[in-house]
Amino acid sequence: MDGKTILITGSTDGVGRYVAERLAANGARIIVHGRDRTRGEALVERIAARGGKARFLEADLSSLAEVRSLASAVERDVDRLDVLVNNAGIGFAAGDHGRELSADGVELRFAVNYLSGFLLTRLLLPLIEKSAPSRIVNVSSAGQQAIDYSDVMLTHGYSGARAYRQSKLAQIMFTIDLAEELAGRNVTVNCLHPATFMNTTMVRLSGAQPVSTVEEGGEAILQLVDSPALAGRSGLYFSGMRESRADPQAYDRGARSKLRALSFDLVGPADPPRARV
Ligand SMILES: NC(=O)c1ccc[n+]([C@@H]2O[C@H](COP(=O)([O-])OP(=O)(O)OC[C@H]3O[C@@H](n4cnc5c(N)ncnc54)[C@H](OP(=O)(O)O)[C@@H]3O)[C@@H](O)[C@H]2O)c1
């Protein structure tokens, strides 16, 4: 990991924080991201105290404007990005007081768990490609539900669980779609269910009993970040350490292109200049 620069979204807590600390201990330069400056800076200090290198960037991913500022800050601060881990997310029970919207009027879990990562990845693609061989890792979940394209914003039949699950499947569909687009460009993109009910804030707030550890899920993420066995392999979904199959909608090309079109409509211009010509 020496000399590698890695951005992990949502690394102020949970499995993202664990992965940040592990990668820093292995010599990577870490960009810690979150919306809580105090916890972000505390993690940077802890990493530095152990001889690692890290900086903190703050952005609330429920705002597309803040996603754009985050991408600009990354481009300003570093000259390479070897790995982007889209990990930030909100669960389905925390704050589940009915349907909520992002700053841009998008259903909140779709916005934070999926759309922010879609936009961030697209904005950072030139830097990621410049750093090739490079990797994108999307932290999804085994909790998946097919997207109903007649009501993606869940104006009918809303539940926090449904919102969470469709956002997690959207991340997987994005992974497969982007992997196809990036074929031959030396950038891989894979996704995973890290582990079931890890002992994190998200799970504790949901009232569920933790059944796995943060370390377990962290190892699964680290495998996608740096395993030599995965060099050049792209568009894959892992359940923990094992390659697996996602919801059938992920393998439906038509459904994936609908999601791509909808996502560009929602975020506006997001392609790197080369892809736009
Ligand atoms: N825990 C599990 O068992 C499990 C299972 C399957 C998949 N996952 C996935 O694993 C990932 C990490 O989850 P976790 O369990 O580690 O949860 P967590 O401990 O709750 O951490 C979530 C991270 O995302 C950040 N975040 C949430 N909303 C944000 C926003 N609007 N803007 C910026 N940052 C935001 C949080 O920041 P704050 O601390 O400020 O809230 C925190 O740093 C998620 O994508 C989750 O869906 C988890």
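Only the coordinates and a few stated rules stand behind these numbers; no lab work does. Everything numeric in this text was worked out from a predicted model, so none of it was measured. Ideal geometry is used to build each Cβ from the backbone, glycine not excepted, and the neighbour counts take in all protein chains shown.
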- Item | Candidates Ser131, Ser141, Ser72: whichever shows maximal mean-square fluctuation once the chain is modelled as a Gaussian network with Cα springs under 10 Å | Ser72
- Query: For the chain, what is the Kirkwood estimate of the hydrodynamic radius, computed as the reciprocal of the mean inverse distance between distinct Cα atoms, to one decimal in Å?
  - Reply: 18.4
- Query: Given springs between every Cα pair under 10 Å in a Gaussian network model of the chain, which of Arg162, Arg55, Arg253 has the largest fluctuation?
  - Reply: Arg253
- Query: Expressed as a whole number of Å, what is the distance separating the alpha-carbon centroids of the stretch 47-118 and the stretch 1-24?
  - Reply: 13
- Item | Given Lys130/Lys258; Lys4/Lys53; Lys168/Lys258, the pairs whose alpha carbons are separated by over 18 Å | Lys130/Lys258
- Note on the structure: What the 5 Å binned alpha carbon P(r) of the stretch 1-150 shows, as percent of pairs per bin from 0, is 2, 10, 19, 22, 20, 13, 8, 4, 1, 0, 0
- For the stretch 24-85, alpha-carbon Rg and Dmax in angstrom: 11.9, 34
- Query: Once you put a point 7 Å from the Cα of Glu66 and another 7 Å from the Cα of Ser227, both along the Cβ direction, what distance in nm separates them?
  - Reply: 3.3
- Query: Taking each full run of DSSP H in the chain as one helix, which ones are at least 27 Å long along their axis (Cα atoms) and have mean Kyte-Doolittle hydropathy of at least -1.0?
  - Reply: 160-181
- Quick one: Debye curve from the alpha-carbon atoms of the stretch 125-197 only, equal weights, vacuum; give me log10 I(q)/I(0) at q = 0.20, 0.27 Å⁻¹ to two decimals. -0.84, -1.13
- Apply the Kirkwood formula to the stretch 105-264: the hydrodynamic radius equals the inverse of the mean of 1/r over all pairs of different alpha-carbon atoms; give it in Å with one decimal. 16.2
- Note on the structure: Cα extents of the stretch 198-246 per principal axis, largest first, Å, are 39, 21, 13
- With viscosity set to 1.306 mPa s and temperature to 10 °C, compute the Stokes-Einstein D of the stretch 176-277, Rh being the Kirkwood radius across alpha carbon pairs; µm²/s, no decimals. 100
- Computed over the stretch 1-47, the Cα gyration tensor eigenvalues, each multiplied by 5 and square-rooted, give semi-axes in Å (largest first) of 17, 10, 9
